[in-house]
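Reading through the structure tokens given below for one structure.
Throughout, read-outs are computed from the coordinates displayed, never taken from laboratory work. Not measured: the values here are computed from a predicted model. So basically every Cβ, Gly included, is an ideal-geometry build from the backbone, and we count neighbours across all protein chains shown.
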């Protein structure tokens with residue numbers, strides 16, 4: 001009965017333009033803008049900080065390690081973003097909040113076409129996907145306390 005409730009909750013949340021990863025407790029934005037709006041790195045950070053979606057206003061641009069939790073490299077071909085996400089741009093790169101340590105004018109991106117990450121100049125325009133934590137205690141225990 002518990003698994004049925006979790007599945008039902010996931011479906012209801014998915015219909016609300018957000019997805020929760022039960023493994024990390026991250027709540028991911030999943031709206032049409034995720035495949036149509038491209039922004040510079042600074043604009044992407046501001047966009048997430050100002051986002052008010054489904055009654056939540058504490059969104060942020062994910063770090064490279066946070067964004068990597070939704071990469072699925074087990075597929076031999078096709079999209080590398082985990083199943084469940086509806087709105088994504090095929091073979092596109094998405095900004096992360098992580099600045100490249102050796103070259104501060106660059107930041108890390110995740111390519112959902114091949115599952116890799118690399119750096120680009122922050123002035124370039126890329127896609128954006130915002131994240132928040134649905135359960136801070138769980139996020140900290142599962143993701144940050146390592």
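A few comments on the model shown:
- A simple spin-label model places the labels of residue 141 and residue 60 2.1 nm from each other, with each point 7 Å out along Cα-to-Cβ.
- The Cα-based radius of gyration and maximum Cα-Cα distance (Dmax) for region 81-143 are 13.6, 35 Å.
- Compared with the dominant principal axis of the Cα atoms in the chain, helix 41-50 is inclined by about 30°.
- Here region 78-146 carries DSSP beta bridges of which approximately 90% are antiparallel, counting only pairs with both residues inside.
- Remark: the residue 101-residue 43 segment gains 18.9 nm on full extension, using 0.36 nm per residue and subtracting the alpha carbon distance.
- CD proxy at 222 nm, helix term only [per DSSP H run n ≥ 4: -39500 (n - 2.57); per residue of the chain; nearest 500]: -6000 deg cm²/dmol
- Calculated SAXS-style log₁₀ I(q)/I(0) at q = 0.09, 0.18, 0.21, 0.22 Å⁻¹ - the chain, Debye, Cα scatterers: -0.27, -1.09, -1.45, -1.55
- Among 18, 110, the order by Cβ neighbours within 10 angstrom, fewest to most, reads 18, 110.
- Rounded tilt (10° steps) of 2-15 against the dominant C-alpha axis of the chain: 50 degrees
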